[in-house]
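Undergrad: Dropping the structure in here first, questions after.
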Amino acid sequence: MTTTYERLTKILVEQYRIDPERLTPLQPLAALGLDSLGMVELLFMIEDEFAVKLPPDIEPFPTLDSAVQYLDAMAAHPGKTGARLPQPPA
Amino acid sequence: MIDVAAAPRRVAITGLGVLSPLGNTPAEAFEHAVAGRSAIRLLETPWAPQLHAPLAGSVAFEAERYFDAPRARMLDRVSQLALVAARQALDDAHLQQPLDDTGRIGVFLGSGMGGAATSDEGYHALYAERTGRVKPFAVLMTMSNAPAAWIALELAVSGPVLTYSTACSSSAVSLGEAWLRIRNGQLDLAIAGGAEAPLCFGVMKAWEALHALASIDPVDASTSCKPFARDRSGLVLAEGAALLILEEWSHAMARGAQIHGELLGYGLATDASHMTRPSIAGQAAAMRAALDSAGCQPNSIGAINAHGTGTPANDGVETAAIKQVFDEHAYCLPISATKAVHGHLLGASAALELVLALLALRHGVLLPTMHLREADESCDLDYVPNHARADPSITTVMSNSFAFGGTNAVLVARVPQIPCP
């Protein structure tokens with residue numbers, strides 16, 4: 001079964017043409033060339049890919065790992081769309 | 001009359017870029033215009049059957065040929081067309097990118113409807129599909145100044161970057177306003193013209209509601225737009241972009257630029273009488289203002305590129321206005337209306353038509369007004385009906401653009417008297 005991480009990397013590789021070699025869970029997405037607009041767009045793509053509705057005030061995910069944690073938590077608790085955004089690692 | 005500073009500078013046209021229903025280079029579009037080959041077709045979109053007359057002039061354009069996926073997603077089709085036409089014009093002018101910008105370069109773009117397709121999609125998503133959301137870049141894609149802003153970003157232009165939206169005269173205004181700034185010394189170079197991408201369901205329905213669109217010719221749909229004809233029934237919507245490089249004359253000469261022509265004059269006048277009904281007085285005033293600013297007498301104009309939409313309202317009024325301005329000379333003036341073959345690109349039409357008119361002068365030919373079997377009784381001038389005509393003697397052309405809202409804009413251009421390569 002495809003993992004959340006694999007589905008996210010697929011978006012970044014196919015939609016943003018990012019070299020898969022550069023993708024790691026803790027790599028800051030900003031360092032991959034995603035500017036603020038690209039980050040916002042990524043939220044929409046995540047909604048489409050995972051068939052979820054993210055809260056309108058959600059902050060962009062700083063890393064793939066933070067997105068994985070958030071989405072997995074949503075999947076585990078389907079009604080809780082306002083879950084606190086995982087913070088980037090220190 | 002347009003007030004220009006003393007000792008005005010000359011303005012050369014040194015680059016042309018075109019994406020149009022007639023072709024995706026100036027040469028290709030010109031070739032089809034001379035041959036009178038119409039690009040008007042019946043639309044084959046899923047929503048076309050819901051239109052009374054699903055006619056359009058479409059551009060054969062695949063965005064992925066020109067933009068990577070992340071960038072293409074941020075661009076409405078109108079910006080895509082504008083950017084590619086601008087690149088083409090820059091290449092044609094042999095200007096290196098990024099430009100050597102000292103704040104004396106500007107972008108002047110006309111568009112009547114901006115990112116209309118993105119708006120249409122957004123409304124469909126919200127109201128029909130009830131998705132509760134629109135594209136993340138919807139604002140950036142729909143805003144009217146997006147095409148000009150993208151050109152400025154790509155070319156790193158830091159001077160004035162302006163958008164003009166005066167409906168069907170938008171790109172005549174953008175070219176004229178750029179011309180003014182070069183002429184009066186504010187700028188040395190401008191990328192100017194227009195872009196339009198209105199071929200989406202909502203926009204076409206809106207035009208249909210206005211009863212301005214042509215009905216389908218029962219024999220040949222491609223001949224449905226018939227400027228100046230007795231059986232004309234309306235305009236055909238089209239998309240495309242045409243960008244020109246305007247350059248101060250000595251600036252162009254100093255770098256050895258090819259000169260396609262000289263933009264000589266620009267006249268602007270507003271009807272202020274009705275939102276859609278054209279006015280003889282308004283159109284004539286714009287033509288006179290263009291002649292004044294060009295320093296031309298009426299009899300020094302050799303040909304006219306007509307607004308010539310093929311609507312019942314326009315063509316008789318335009319004919320009367322030409323006669324008012326040119327008096328007896330009007331009967332000696334060949335008048336071409338190329339919208340018959342490329343359709344009405346709204347805010348991009350004037351720029352495309354100026355390109356075609358310039359190339360016609362360069363090649364010593366008068367472009368035909370196609371589908372003109374029998375002229376309307378109110379249209380009794382020489383419209384160069386149905387066949388191109390050789391006339392290498394003509395060097396100066398007036399190009400008319402009149403708009404809903406009443407903004408009439410007229411350009412005058414001439415070609416240097418050198419043979420076409």
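The values are calculated or read from the model by the stated rules, or taken from the named source; none is laboratory data. What you see is a predicted model; the values in this text were computed from it and never measured. With ideal geometry, Cβ positions are generated from the backbone for all residues, glycine too; neighbour counts draw on all protein chains shown.
Undergrad: Could you check how many residues of region B:326-340 are crowded, with 24+ Cβ neighbours inside 10 Å and either modelled with pLDDT under 95 or of a type outside the set (S, T, N, Q) (or both)?
TA: First, pick out the residues of region B:326-340 that are crowded, with 24+ Cβ neighbours inside 10 Å: B:335-340.
Going one step further and asking which of them are either modelled with pLDDT under 95 or of a type outside the set (S, T, N, Q) (or both), we end up with B:335, B:337, B:339-340.
Final tally of qualifying residues: 4.
Undergrad: Are any residues in region B:199-230 part of a loop (DSSP other than H, G, I, E, B), farther than 16 Å from B:GLY112 by Cβ and either assigned by TED's automatic domain parsing to the domain that holds B:ARG277 or not aliphatic (A, V, I, L, M) (or both), and if so, which ones? Steps first, please.
TA: Restricting attention to region B:199-230, the residues satisfying the condition of being part of a loop (DSSP other than H, G, I, E, B) are B:199-200, B:210-212, B:214-220, B:224-228, B:230.
Right, trim to farther than 16 Å from B:GLY112 by Cβ and you get B:211, B:214-220, B:224-228, B:230.
Correct list: B:HIS211, B:SER215, B:ASP217, B:PRO218, B:ASP220, B:SER224, B:CYS225, B:LYS226, B:PRO227, B:PHE228, B:ARG230.
Undergrad: On to the next question. Please list, ordered by first then second residue, the pairs with beta carbon atoms under 6 Å, 6 or more apart or interchain, first in region B:175-186 and farther than 12 Å from B:LEU263 by Cα, second at pLDDT below 95 and small (Gly, Ala, Ser).
TA: Note: pairs meeting the criteria are B:ASN184/B:ALA5.
Undergrad: Mind checking which residues of region B:337-353 are over 17 Å from B:ALA167 (Cα atoms) and out of contact with any Pro (no Cβ under 7 Å at 6 or more places or on another chain)?
TA: If we filter region B:337-353 for residues that are over 17 Å from B:ALA167 (Cα atoms), which is where we start, we get B:337-338, B:340-342.
Selection gives B:THR338, B:VAL341.
Undergrad: Residue by residue through region B:366-397, note down the ones that are of a type in the set (A, V, I, L, M, F, W, C) and farther than 22 Å from B:ALA229 by Cβ.
TA: First, pick out the residues of region B:366-397 that are of a type in the set (A, V, I, L, M, F, W, C): B:366-367, B:370, B:372, B:375, B:379, B:381, B:384, B:388, B:390, B:394, B:397.
B:ALA390, B:ILE394, B:VAL397, listed by residue number.
Undergrad: Report the residue count in region A:16-36 for those that are assigned to a helix (DSSP H, G or I), modelled with pLDDT of 90 or more and within 14 Å of chain B (Cβ to nearest Cβ).
TA: Result for region A:16-36: 1.
Undergrad: The conditions are (1) away from chain B (no Cβ under 14 Å); (2) in a helix (DSSP H, G or I), and A:ILE11 fails exactly one of them. Which is it?
TA: Going through (1) away from chain B (no Cβ under 14 Å); (2) in a helix (DSSP H, G or I) one by one, A:ILE11 breaks only (1).
Undergrad: Looking at B:LEU235, B:LEU213, B:LEU189, B:LEU244, which one is modelled with pLDDT of 95 or more, buried (at least 22 other Cβ atoms within 10 Å of the Cβ) and touching a Phe, Trp or Tyr at 6+ places or on another chain (Cβ under 7 Å)? Before you say what the answer is, go through the steps one by one.
TA: Values: B:LEU235 fails: touching a Phe, Trp or Tyr at 6+ places or on another chain (Cβ under 7 Å); B:LEU189 fails: touching a Phe, Trp or Tyr at 6+ places or on another chain (Cβ under 7 Å); B:LEU244 fails: touching a Phe, Trp or Tyr at 6+ places or on another chain (Cβ under 7 Å).
Result of the check over B:LEU235, B:LEU213, B:LEU189, B:LEU244: B:LEU213.
Undergrad: Could you grab the pairs with beta carbons closer than 7 Å, sequence gap of 6+ or different chains, first residue in region B:112-140 and under 23 Å from B:LEU237 (Cβ atoms), second one among the aromatic types (Phe, Trp, Tyr) and modelled with pLDDT of 95 or more?
TA: Hits for this filter: B:ASP120/B:PHE201.
Undergrad: Output the number of the condition that B:PRO392 fails; it satisfies all remaining conditions of (1) modelled with pLDDT of 95 or more; (2) over 23 Å from B:HIS211 (Cα atoms); (3) in contact with a Gly (Cβ under 7 Å, 6 or more places away or on another chain).
TA: Every listed condition holds for B:PRO392 apart from (1).
Undergrad: So how many residues does region B:171-227 have that are polar (S, T, N, Q) and either touching a Cys at 6+ places or on another chain (Cβ under 9 Å) or under 21 Å from B:ALA93 (Cα atoms) (or both)?
TA: 3
Undergrad: Right, something else. Output the residues belonging to region B:158-169 that are buried (at least 24 other Cβ atoms within 10 Å of the Cβ) and more than 10 Å from B:PHE108 (Cβ to Cβ). Don't jump to the end; show me each part of the working.
TA: Step one: filter region B:158-169 for residues buried (at least 24 other Cβ atoms within 10 Å of the Cβ), giving B:164, B:166, B:168-169.
Once the filter is applied, which keeps residues that are buried (at least 24 other Cβ atoms within 10 Å of the Cβ) and more than 10 Å from B:PHE108 (Cβ to Cβ), region B:158-169 yields B:THR166, B:CYS168, B:SER169.
Undergrad: So B:ALA86 ticks every box in (1) within 14 Å of chain A (Cβ to nearest Cβ); (2) buried (at least 18 other Cβ atoms within 10 Å of the Cβ) but one. Which box is left unticked?
TA: (1)
Undergrad: Please specify each residue of region A:37-64 satisfying the condition of being within 14 Å of chain B (Cβ to nearest Cβ) and not in a loop (DSSP other than H, G, I, E, B).
TA: Those that are within 14 Å of chain B (Cβ to nearest Cβ) and not in a loop (DSSP other than H, G, I, E, B): A:LEU37, A:GLY38, A:MET39, A:VAL40, A:GLU41, A:LEU42, A:LEU43, A:PHE44, A:MET45, A:ILE46, A:GLU47, A:ASP48.
Undergrad: Continuing with the same structure: For residues in region B:93-136 being within 14 Å of chain A (Cβ to nearest Cβ) and surrounded by fewer than 19 Cβ atoms within 10 Å (Cβ to Cβ), which is nearest to B:ALA195 (Cα to Cα)?
TA: Selected residue: B:LYS135.
Undergrad: Can you give me the number of residues within region B:236-294 that are assigned by TED's automatic domain parsing to the domain that holds B:VAL18, under 30 Å from B:ILE40 (Cα atoms) and assigned to a helix (DSSP H, G or I)?
TA: Looking only at that region, the number is 0.
Undergrad: Taking the stated definitions as given, is B:ALA156 under 21 Å from the mean Cα position of the chain (by Cα) and either of a type outside the set (Ser, Thr, Tyr) or in the same structural domain as B:ALA286 (by TED's automatic domain parsing) (or both)? Step through it out loud before you land on a result.
TA: Working: under 21 Å from the mean Cα position of the chain (by Cα): no; either of a type outside the set (Ser, Thr, Tyr) or in the same structural domain as B:ALA286 (by TED's automatic domain parsing) (or both): yes.
When the stated conditions are applied, B:ALA156 does not pass them.
Undergrad: Could I ask something else about it? Within region B:57-68, does at least one residue satisfy the condition of being closer than 27 Å to B:ARG181 by Cβ, modelled with pLDDT under 95 and charged (D, E, K, R)? Reasoning before the result, please.
TA: The initial filter retains those residues of region B:57-68 that are closer than 27 Å to B:ARG181 by Cβ, namely none.
No, region B:57-68 contains no residue that is closer than 27 Å to B:ARG181 by Cβ, modelled with pLDDT under 95 and charged (D, E, K, R).
Undergrad: Another question, then. Which residue, of B:ASP92, B:ASP3, B:ASP76, is modelled with pLDDT under 95 and not assigned by TED's automatic domain parsing to the domain that holds B:LEU361? Before the answer, list the steps.
TA: Working: B:ASP92 fails: modelled with pLDDT under 95; B:ASP76 fails: modelled with pLDDT under 95.
Answer to the check: B:ASP3.
Undergrad: B:PHE404 passes all but one of (1) modelled with pLDDT of 95 or more; (2) at negative phi; (3) within 17 Å of the chain's Cα centre (by Cα); which number fails?
TA: Looking at each condition in turn, B:PHE404 falls short on (1).
Undergrad: In region B:44-83, which residues are within 14 Å of chain A (Cβ to nearest Cβ) and surrounded by fewer than 23 Cβ atoms within 10 Å (Cβ to Cβ)?
TA: Result: B:GLU64, B:PHE67, B:ASP68, B:ALA69, B:PRO70, B:ARG71, B:ALA72, B:ARG73, B:MET74.
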